[in-house]
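Values in this text are rule-based calculations from the coordinates and carry no lab data. These numbers were taken from a predicted model, which means no experiment stands behind them. When we count neighbours, we look across all protein chains shown, and the Cβ atoms used for this are built from the backbone with ideal geometry, even at glycine.
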Amino acid sequence: MSKHAYLIMAHGDWDLLNDLIKCIDDERNEIFLHVDKKAAFDPAVIRLPQKAKYTLIPRRKVTWGGFSMILTELDLLSAAVERGGFAYYHLLSGQDLPLKGQDYIHRFFDEHNGNSFIRFDPEAEKNKVYEIRVKQYHFLQDVTGRTPGPWFGMLRKIEKISLKVQKILGVDRLARYPGKMYKGTNWFSITHEMAQYVISQRKHIVKWFRFTLCADELFLHTVAMQSPMRDTIIDDSLREIDWKRGQPYTYRKEDEKMLSDSPKLFARKFSTDVDNEIIKRMVERLDH
């Protein structure tokens, strides 16, 4: 019986998080949860799984677009790899839900044993969007993120000045990078071998992706494509994510049929504030 590790990054909406945990509560799974240290969180709000093992890993402050996002993913991967015994590692946000039952999901990965599922951006090579994120040093990104307020606004202005000065001085980290960078969706399902390789590259990741902008969509893709397992990667995150209607779009009850018919295994995102009905329907569907 293969075992799977579910790695969850959450920052709120505890009712939805509990629904997610309920949907993946299976004896073949272990759940590793990280909750943003900035969130008002009491561990008692979590309805502990009945079948899956559960670990709440040490919390850190997570800033939008900052290196803290990458560190949190590495924390989750490291905690799960250290525990050992998992065939697959699935990174989810606390706003995700599975679209299929656990029997279906485990059978799918048994049939694709050895393949890692990572989604790449087909336009990245053309638009070079990663250059903006990595080429110069974003020294304050982990401090400012999208935090509102005059103080943070001033820091963002200082950051812009810093970036302009670096461009004038010809600072170009990419010119020194040993290889090619890749971009894509930061939610993944990877094998144990791939997970081991990624955490073994922690020093490399810190050196090249610290002081960057939104490099959580770059680092794993880049490291994975430099790994001995690159030929085992399938270009698919197995996530239903709608970037056409939102950033990304939050699903409503009118999306139920589309989600039910989707061949994907997971979907994001959902919100109890936006539409709790679709969440109830998707959870009830998996209960049958």
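Between K38 and W243, the modelled labels are 2.3 nm apart [label points 7 Å from Cα along Cα→Cβ]. Bridgeable lysines around K37 (alpha carbons under 17 Å apart, same-chain partners fewer than 8 residues away excluded): K61.
Listed by chain and number, the aspartates and glutamates whose C-alpha is less than 18 Å from the C-alpha of K51, apart from same-chain residues fewer than 8 away, are D19, D25, D26, E27, E30, D103, D287. In this label model, V129 and V45 are separated by 3.0 nm, measuring between points 7 Å along each Cα→Cβ vector.
The separation of the stretch 180-208 from the stretch 212-255, counted between C-alpha centres, amounts to 13 Å. Mean sequence separation of contacting Cα pairs (under 8 Å, at least six apart), scaled by the length of the stretch 126-176, corresponds to a relative contact order of 54 percent. For the residue pairs K53/K244; K22/K207; K135/K264; K157/K207, alpha carbon separations beyond 30 Å are given by K53/K244; K22/K207; K135/K264. Rounded to the nearest 10 degrees, the angle from helix 67-83 to the longest Cα principal axis of the chain is 40 degrees. Dividing the summed -39500 (n - 2.57) terms of all DSSP H runs of n ≥ 4 by the residue count of the chain sets its mean residue ellipticity at 222 nm at -11500 deg cm²/dmol. GNM on the chain, alpha-carbon springs under 10 angstrom: the most fluctuating residue among A80, A39, A52 is A39. Measuring r between the beta carbons of R60 and K257 and using R0 = 35 Å, the FRET efficiency lands at 0.35.
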